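I am attaching a structure below and will ask some questions about it afterwards.
The values are calculated or read from the model by the stated rules, or taken from the named source; none is laboratory data. Computed from a predicted model, the values in this text were never measured in an experiment. Reconstructed Cβ throughout: ideal geometry from the backbone, glycine too, with neighbour counts over all protein chains shown. All accessible areas refer to the heavy atoms of the entire protein, side chains included, with ligands and DNA or RNA removed. Shrake-Rupley method; radii C 1.70, N 1.55, O 1.52, S 1.80 Å.
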Amino acid sequence: MKITMDDAAQMLRDAQTVILTSHIRPDGDAIGSTLGLMHVLRAEGKDVRVLIDDEIPRIFNVLPDVDQIERPVKGQRYTADLLVVCDVELGRTGESVPSVDAVRLLNIDHHVTNDEKADYLYLDPDAAATCEIAYDITRTLGVTPTLDAAICFYTGIAMDTGFFRFSNTTPHTMRAAADLIEIGVKPNIISVAMEMKSYDEVMAQVKAIRNLEMFFDGRVAAVFIDEERARTVTTTEGLLDKLRVIEGTQVVFFMKWLEKDTYRVSMRSKGTNVSRIAQKFDGGGHIRAAGCTIHAPFAEARTAILDAIGEELNA
Ligand code: AMP
Ligand code: MN
Ligand code: MN
């Protein structure tokens, strides 16, 4: 059931023990929204934990108390008055949602593809980031975010908007970010931390780009990373930003080996609806940024994603 922001704020107010969680392969918005709300709610005297069922990339070490994020322990039950699922629908949290016994569950998200299965859902596809919503909810609670919370919310907003460059950046996004900077966030510290790569990671990216292929008369640029290449291409963070600058491209993507017959696809577009492509493979996302996992041998997966993109380009 969809609820209003006032309702969502009231649910947070009513809970004394809260568990926050988000999606596997967490990004800045996933970590920023959960950790930021943790700081807000702890400052309100609540008992709060964050569970994320994955490793936290080290670029996020700049976020206050990121080390307090827990990975759910197999077989352990967690209890709370309220479970808050941020930046994802209920199905993509790994073991987090299944291991929590909560009286109520609140889902806060900005993905158009959200399956709306949560009992209580605050969904705003026009919000640039879940962190933008989390900031608004904090204000709705009548609370000014602490600096720790502000750093987290700013990071999520900055990451999901490509540092305020993507089409999801609205006047409201900028005002929220301005408020957070007023609280004390240093934009340069966040951007330096988020873009940091090791020498090896930079070289891995160079190797990945060497395998760049163009399709559909230059409208699509892609990098395919098979099992062998996946051993040397250790990070794909920022890879698509390098492809999207190629003149004439409408869709850029990579397909990377995850495990046997399993490939992760990550897509960006300049208007083509890539979330519709991702949904064909049970994935999701936004119109201009989406992803999915394809279960097939390499050659088959490659053909499947190229065909799906071709169809959408001609739609
Ligand atoms: P990424 O390409 O991983 O940065 O993801 C782009 C957008 O698509 C993000 O909003 C993700 O949450 C979403 N997304 C990526 N992979 C999946 C997936 N397998 N299922 C649903 N949504 C996804
Ligand atoms: Mn996310
Ligand atoms: Mn997001």
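Mind checking which of Thr293, Leu147, Thr79 is farthest towards the positive end of the chain's charge dipole, using Cβ charges of +1 (Lys, Arg) and -1 (Asp, Glu) about the Cα centre?
Thr293
Right, another one. Ignoring ligands, DNA and RNA, what accessible area per residue does the chain give at 1.4 Å, in Å²?
In whole numbers, the chain has 45 Å² accessible per residue.
A follow-up question, please. Under a cut-off of 16 Å between alpha-carbon atoms, report the lysines in cross-link reach of Lys207, not counting same-chain residues fewer than 8 places apart.
By straight Cα distance, Lys207 reaches Lys197, Lys242, Lys256.
Tell me, what is the 1.4 Å probe accessible area of Met174, in Å² to the nearest 10?
100
Further, regarding this structure: Using only Cα atoms and rounding to the nearest 10 degrees, what angle (0 to 90) does helix 5-14 make with the longest principal axis of the chain?
50
Connecting C-alpha atoms closer than 10 Å in a GNM of the chain, tell me which of Arg92, Arg231, Arg71 has the biggest fluctuation.
Per the Cα network of the chain with a 10 Å cutoff, Arg231 tops the list.
Next question, about the same structure. Name the most mobile residue of Val192, Val220, Val97, meaning the one with the largest mean-square fluctuation, in a Gaussian network model of the chain with Cα contacts below 10 Å.
The residue that fluctuates most here is Val192.
Test of understanding: express the Cα radius of gyration of the range 176-226 as a ratio to 2.2 N^0.38 Å, with N the residue count.
The reported ratio for this selection is 1.80.
Rounded to the nearest 20 Debye, what is the dipole magnitude of the range 199-313 about its Cα centre when Lys and Arg each give +1 and Asp and Glu each give -1 at the C-beta?
Using Cβ point charges on Lys, Arg, Asp and Glu, the range 199-313 gives about 280 debye.
Provide the three semi-axes, in whole Å and in decreasing order, of the ellipsoid equivalent to the range 5-195 as defined by the square roots of 5 times the Cα gyration tensor eigenvalues.
With the √(5λ) rule applied to the range 5-195, the semi-axes are 23, 18, 16 Å.
Right, another one. What whole number of Å gives the distance from the Cα centroid of the range 111-152 to the Cα centroid of the range 197-212?
34
Which of the trypsin sites (Lys or Arg not before Pro) across the range 106-177 are loop residues per DSSP, with 11 or fewer other Cβ within 10 Å?
Lys117, Arg165
Cα gyration tensor of the range 199-313, axes a ≥ b ≥ c as square roots of the eigenvalues: rounded (a/c below 1.5), prolate (a/b > b/c) or oblate?
oblate
Need the full-extension length gain, Asp282 to Tyr199, defined as separation in residues times 0.36 nm minus the C-alpha distance. One decimal, nm.
Length gained between Asp282 and Tyr199: 26.4 nm.
Right, here's the next one. Taking the 0 to 90 degree range and rounding to the nearest ten, how far is the long axis of helix 28-43 tilted relative to the main principal axis of the chain, both from C-alpha atoms?
10
On a 0 to 90° scale, report how tilted helix 171-183 is relative to the longest principal axis of the chain, with both axes built from alpha carbons and the result rounded to the nearest 10.
That works out to roughly 60 degrees.
I've got another one for you. Which residue, Ala289, Ala102, Ala278, has the most motion in a Gaussian network model of the chain that connects Cα atoms within less than 10 Å?
Ala102
Using alpha-carbon pairs under 8 Å, 6+ residues apart, how would you state the relative contact order of the chain in percent?
For the chain, the relative contact order is 14 percent.
Is the range 143-253 rounded, prolate or oblate when judged by the Cα gyration tensor, a ≥ b ≥ c being the square roots of its eigenvalues, rounded requiring a/c under 1.5 and prolate requiring a/b larger than b/c?
Note, shape of the range 143-253 comes out oblate.
Which percent of the accessible heavy-atom area of the range 199-313 goes to carbon and sulfur, probe 1.4 angstrom?
48
Further, regarding this structure: Starting from the Cα gyration tensor of the range 203-251, take the square roots of the eigenvalues, sort them a ≥ b ≥ c, and report rounded, prolate or oblate (rounded when a/c is under 1.5, otherwise prolate if a/b is larger than b/c, else oblate).
Taking the square roots of the gyration eigenvalues as a ≥ b ≥ c, the range 203-251 is prolate.
Right, here's the next one. In µm²/s, what is D for the range 44-97 at 20 °C and 1.002 mPa s, where D = kT/(6 pi eta Rh) by Stokes-Einstein and Rh is the Kirkwood radius from Cα pairs?
Calculated translational D: 169 µm²/s.
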